[in-house]
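Have a look at the structure below before the remarks.
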Amino acid sequence: MLICGVKTTHDGGVALIEDGRLVFSTEMEKLGNNERYAKIKDFATVFELLAEHGYRPEDIDHFVLDGWYKTHKIQSWHGQEFEVVLAPYRRGLLDDDLLRPFPGSIQDLPYLSFTHYAGHVASGYCASPFSRAGQGSYVLSWDGWMFPFLYYVDGQSRKVTSCGPLMPVIGDSYLQLGQLFAPFDEPIEYPHILGLAGKIMAYIALGEARQEAVEHIDRTIDAAFREVLGDRPDDDRFYQVGNGIEILKRIKKNVALPGVEPADMLASIHHALSVRLVQGVREKVATADFPDRNLVVVGGCGLNIKWNSALRDSGVFDNVWVPPFPNDSGSSIGTACAAMLSRTERAALDWDVYSGPALRDSTPLPGWREESCDLRDLARLLHEGDEPVVFLNGRAEIGPRALGNRSILAPAGSPKMKDLLNEVKDREFYRPVAPICLEEFAPGIFSPGTPDPYMLFDHTVRDSWKDRVPAVCHLDGTARLQTVNRDENEAVFDLLTHYHDLSGIPLLCNTSANLKGSGFFPDVRSAMEWGRVRLIWSDGRLFTRAH
């Protein structure tokens, strides 16, 4: 069976699943240097991507569209406008059947649509190792305009049960409360506001959670909750978007505490929400009667590595897993998975994180020298030259993280390298640079250093390594680690192995290769036109800009 999932709104994308295998997943931002979070502007793009992979519209058994808060949407198709009716954004929160389909038709082409939350839950569970093992799992879904809800997916029946809301704070609260405090109190236009939460998470390393501020935040949230929901706070029907926005408005009016510095206030907000999140899942799981203590985290808040780590370290679950596409970048996969769960006997998705677009052929710009360069030669160049290299290889990663195939790689031994990379990327000084490390060596360098192939948990750099790899140490001593083994990415594994042989260091700095405000470079020429890094490596060829 062929299922094509489509998300037309921000983080637009197209994904194709054939008999349980992900054939491709293409986000619009990764085509032609499109802006970050780009939408699908013309439905013809869907059919062009299918054709690129050898499929015709008539081959598809189910087209599936992601639900949205505007259920009636005007879409273009070869310049002609038509109306698409989508599943509602939030109904899955309140519906006994999360996987209830909403059928429709485009120009006589039938489709299904599932609520936005159904897509998040389905993508997380179906892609997880738990589904492949036939195990059940809790799924925590916390997205921008929604309360955090906990579900349980039965590994045998594939039935999805709602365990209810965890706390009265919608996901958007993190960035909206963050915008009340310097340096985030300047207006930021959409769509760039979508990346603000990550900046806040990096900035809190400059502050510390203050007990009086945390207690004040807790009182403020509780008061806003009671004002909006009255004396029926346990009724799930009250956990709707409108109530969530109203609660947030009241929190914003009263959250500031005089005498607390902005960085400390931001750290306190982060801590208060983290504690509530862990407490919420602890209470729900304690009263549930489900056999498997696995957890999948999805929704935009699944990109918060510190919250993920708090959930992992809580002891509530035996295993915690986060997909590389927990936010809306995975919604085209998710809505297709919702159809797979409800229309087939399959629950497990066979997928690879490098299922994005292949590199486009391009002609090098004048002024760039091209030569053969294998991975051993590149490792020597990185070791001896101590400068960054744009590394473009194979198909792009799916999800928002650069995981080696669309990366800028650099030695981590110089304390100046982080500042250099932030300057190259035009990023703020407090932004971290991630390490990409051979999996077998990670526990000796980081704590816990457990396998983390998608950069979705927090790790602390061990004291014995802080002076050896200062470029990947964040201001609070942590690192957003990516581990790599041969099966996950053979090229990066070989490069790191050669580099380790030369330097004694089994890791490199890793940051995304892209234009500011755009998706990953789709080809070598784009990196040349950007021109802020002198060296580009791709498919065994090294391109060097003439001085």
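Readers should treat all values here as calculations from the given coordinates under stated rules, not as data from a laboratory. Keep in mind the model is a prediction, meaning the values are calculated, not measured. Note: ideal-geometry Cβ built from the backbone for every residue, glycine included; neighbour counts use all protein chains shown.
A few notes on this one:
- N304 long-range amide H proximity, modeled H, under 5 Å: none
- Charge dipole (debye, nearest 20) of region 6-152; +1 at Cβ of Lys and Arg, -1 at Cβ of Asp and Glu: 440
- Residue order, fewest to most surrounding Cβ atoms within 10 angstrom, among S372, S173: S372, S173
- Set of aspartates and glutamates with alpha-carbon distance to K252 below 16 Å, sequence-local pairs under 8 removed: D172, D185, E186, E215, D218, D222, E227
- One equal scatterer on each Cα of region 161-319, no solvent, Debye formula: the resulting log10 I(q)/I(0) at q = 0.13 Å⁻¹ is -0.64.
- Q179 sits among other residues whose Cβ lies under 10 Å from its own Cβ, and their net charge, with Lys and Arg +1 and Asp and Glu -1, is -1.
- Relative contact order [Cα under 8 Å, 6+ residues apart], the chain, whole percent: 17
- Helices in the chain, meaning DSSP H runs of at least 4 residues, each add -39500 (n - 2.57). Divided by all residues, the mean residue ellipticity at 222 nm is -9500 deg cm²/dmol.
- For the residue pairs K253/K516; K73/K199; K39/K516; K41/K418; K70/K306; K39/K253, the C-alpha atoms sit more than 26 angstrom apart in K253/K516; K73/K199; K41/K418; K70/K306; K39/K253.
- Taking max minus min of the alpha-carbon positions on each principal axis, region 368-545 gives extents of 41, 33, 30 Å, largest first.
- The trypsin sites (Lys or Arg not before Pro) of region 47-133 that meet both conditions, a loop assignment by DSSP and at most 13 other Cβ atoms within 10 Å of the site Cβ, are K70.
- For the peptides 325-336, 387-398, 197-208, residues were scored by their other Cβ atoms within 10 Å and the scores averaged per peptide; the highest-first order is 325-336, 387-398, 197-208.
- Applying 0.36 nm per residue to the separation of D185 and R541 and subtracting their alpha-carbon distance, the gain on full extension is 123.7 nm.
- Taking amide H positions as modeled 1.01 Å from N, with prolines and chain starts lacking one, the residues under 5 Å from I106 and 5 or more places away or on another chain are Y111.
- In order along region 441-454, the phi-based Karplus estimate (6.51 cos²θ - 1.76 cosθ + 1.60, θ = phi - 60°) of 3J(HN,Hα) comes to 9, 4, x, x, 9, 10, 10, x, x, 5, x, 8, x, 10 Hz; Gly and Pro are listed as x.
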